[in-house]
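Each value in this text was obtained by applying a stated rule to the coordinates, not by laboratory testing. Computed from a predicted model, the values in this text were never measured in an experiment. Glycine also receives a Cβ, built like all others from the backbone with ideal geometry; neighbour counts cover every protein chain displayed.
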Amino acid sequence: MLQDLVLLGLLKEGPKHGYEIRKTIDQVLNTFANVDSKSIYYPLRKLEKKGLVDKKPARKGKRPEKFIYKITKEGEKIFERLLNDNFLTFQRPSFNVDLSLYFLPLVKQGLAQSRLRSRLRGMKRIMRWLKERKATLKENVKSYHLLTIIEHQIRLTKADIAFTKSLIETLNPPK
């Protein structure tokens, strides 16, 4: 469902060839969504078989032939349904660190604190990057939807930083 939503949404923006789709996923969407761009051609073929996407060959100059993908009217209907369903999909956020926290009693105390401090430094770097990205996007009026996503990510990262600081303090009780 997520991959169909992404592919149909990118094609609703306008016709694209596979490389353009992959590039947008890698450079924009993967900033905030975990979308696999390695295998887009198989899902595009599936969408084509369902009549949601059309494919036409195109060539620029002497370059090899590429296929341009375009969303169909039926594809637009399915995109709208998937998008509306996605607004109402509630999945509990999961963080990779949660698995480590499950096994926390098995980790040497000093090692856990050291790793959590490293994680905290990494999250602070992410926060700086998010704030820089937000400042850059503010200059572009057409980026309000990306600004909304960045703001969401900033708030999640702030909460994760606060939690990690608190956990480090818990693991290092005052003497």
(message) Could you give each residue of region 2-9 its phi-based ³J(HN,Hα) in whole Hz, using Karplus coefficients 6.51, -1.76, 1.60 with θ = phi - 60°, and x for Gly or Pro?
(response) 4, 5, 4, 4, 5, 5, 5, x
(message) If I stretch the segment between Asp54 and Tyr41 completely, what's the gain in nm (0.36 nm per residue apart, minus their alpha carbon distance), one decimal?
(response) 3.4 nm
(message) Using amide H atoms built in the peptide plane, which far-off residues or other-chain residues are under 5 Å from His17 H to H?
(response) Tyr69
(message) If each residue of separation counts as 0.36 nm, what is the full-extension length gain between Lys66 and Glu20 once their alpha-carbon separation is subtracted?
(response) 15.5 nm
(request) With a point put 7 Å past each Cα toward its Cβ, work out how far Arg128 is from Leu147 in nm, to one decimal. (result) 2.5 nm
(message) So for the chain, averaging the separation of alpha carbon pairs under 8 Å that are six or more residues apart and normalising by length, what relative contact order in percent results?
(response) 19 percent
(request) Extending each Cα 7 Å along its Cβ direction at Ala135 and Asn86, get the distance between those two points in nm, one decimal. (result) 3.0 nm
(message) Using a Cα-Cα cut-off of under 12 Å, which aspartates and glutamates could be cross-linked to Lys46, ignoring same-chain neighbours fewer than 8 residues away?
(response) Asp4, Asp54
(request) Amide H neighbours of Thr72 under 5 Å, at least 5 residues apart or on other chains, H built in the peptide plane: list them. (result) Val53, Asp54
(message) I'd like the FRET efficiency for Gln109 and Ala159, computed as 1/(1 + (r/R0)^6) with the beta carbon distance as r and R0 of 25 Å, rounded to 0.05.
(response) 0.55
(message) How charged is the neighbourhood of Leu83? Take every other residue with its Cβ under 12 Å from the Cβ of Leu83, and add Lys/Arg as +1 and Asp/Glu as -1.
(response) -1
(message) Distance cut-off 31 Å, Cα to Cα: go down the list Lys23/Lys124; Lys12/Lys66; Lys134/Lys165; Lys62/Lys138; Lys23/Lys62 and report the pairs above it.
(response) Lys62/Lys138
